[in-house]
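For reference, the structure is listed below as structure tokens.
The values are calculated or read from the model by the stated rules, or taken from the named source; none is laboratory data. Predicted model, so just to flag it, every value in this text is computed and none were measured. Cβ placement follows ideal geometry from the backbone for every residue including glycine, while neighbour counts extend to all protein chains displayed. These area figures cover heavy atoms from the full protein model, side chains too; ligands, DNA and RNA do not enter into them. Shrake-Rupley method; radii C 1.70, N 1.55, O 1.52, S 1.80 Å.
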Amino acid sequence: MCQCDNSEAVSGPCCPSSLTDEMWEVIRPLLPVRNLRKGGGVRKYEDRLVLDSIFYVLRSGRQWRMLPRDLMPWDAAHRWFTKWRRDGSWDRIHDELRLQLRIGAGRDPEPSAAVIDAQSIKTSEGGEARGFDAGKRTTGWKRHVIVDRMGLLLLVVAVTSASVQDRAGGRTVLARLAAAFRTVSLV
């Protein structure tokens with residue numbers, strides 16, 4: 001559990017999920033800029049604290065309401081997570097980080113090849129979205145994912161009922177891949 005004050009002066013992570021100074025310097029310019037002319041006052045919580053709180057929940061798998069008190073209130077962290085998801089901030093951050101990693105590894109910024117896979121996940125929740133994968137004898141959902149040759153997610157993911165065949169789910173994610181990445185010629 002975090003025991004630090006989470007101020008901007010913190011020199012290192014206080015939780016395993018907290019951003020290091022180096023990580024913060026990479027992510028900070030990618031965050032949306034707040035336009036004070038469009039309303040609202042000065043924000044109560046800094047972006048780094050917001051990210052540390054969100055990453056704590058995502059990495060630990062805990063519920064939002066179980067966020068430690070030394071971070072920020074759970075409802076504020078959830079509100080920022082939802083706002084950034086809806087306005088596309090998470091997608092833009094992910095795309096830019098993937099681009100930087102590819103360039104840093106000496107690869108072309110845009111991928112030319114990808115790998116597709118599907119994974120069945122057991123779950124008792126899901127209502128009509130839940131199904132039975134006869135091949136793996138699993139009741140739950142199925143993830144259809146496309147990654148580049150470095151294993152970096154290309155943001156082409158579909159979650160379906162486990163009863164959906166790999167071929168049908170593959171068509172769905174391949175259509176999304178073709179729309180998002182015209183440079184990929186080999187899957």
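A few remarks follow.
- Mean shadow area of the range 100-187, taken as a quarter of the surface of its Cα convex hull (nm²): 6.2 nm²
- Rg followed by Dmax, in Å, when the chain is reduced to its Cα trace: 19.4, 57
- Length released on extending from Gln63 to Arg182, taking residue separation times 0.36 nm less the Cα-Cα span: 39.0 nm
- Treating r as the C-beta distance of Asp21 and Ile121 and R0 as 30 Å, the FRET efficiency rounds to 0.25.
- The label point for Val159 and the one for Arg86, both projected 7 Å from the Cα toward the Cβ, are 1.9 nm apart.
- Computing FRET efficiency as 1/(1 + (r/R0)^6) for Arg79 and Asp108, where r is the C-beta to C-beta distance and R0 is 45 Å, gives about 0.75.
- With a Förster radius of 30 Å applied to the beta-carbon distance between Met150 and Arg43, the computed FRET efficiency rounds to 0.25.
- Rounded percent of accessible protein surface that carbon and sulfur make up, the chain, 1.4 Å probe: 52 percent
- The residues of the chain expose, per residue, 64 Å² of accessible area to a 1.4 Å probe.
- Paramagnetic reach from Ala168 (point 7 Å along Cα→Cβ, amide N under 13 Å) across the range 115-158: 129-134, 142
- Over all other residues within a Cβ to Cβ distance under 9 Å of Asp148, the charged ones net out to +4, with Lys and Arg as +1 and Asp and Glu as -1.
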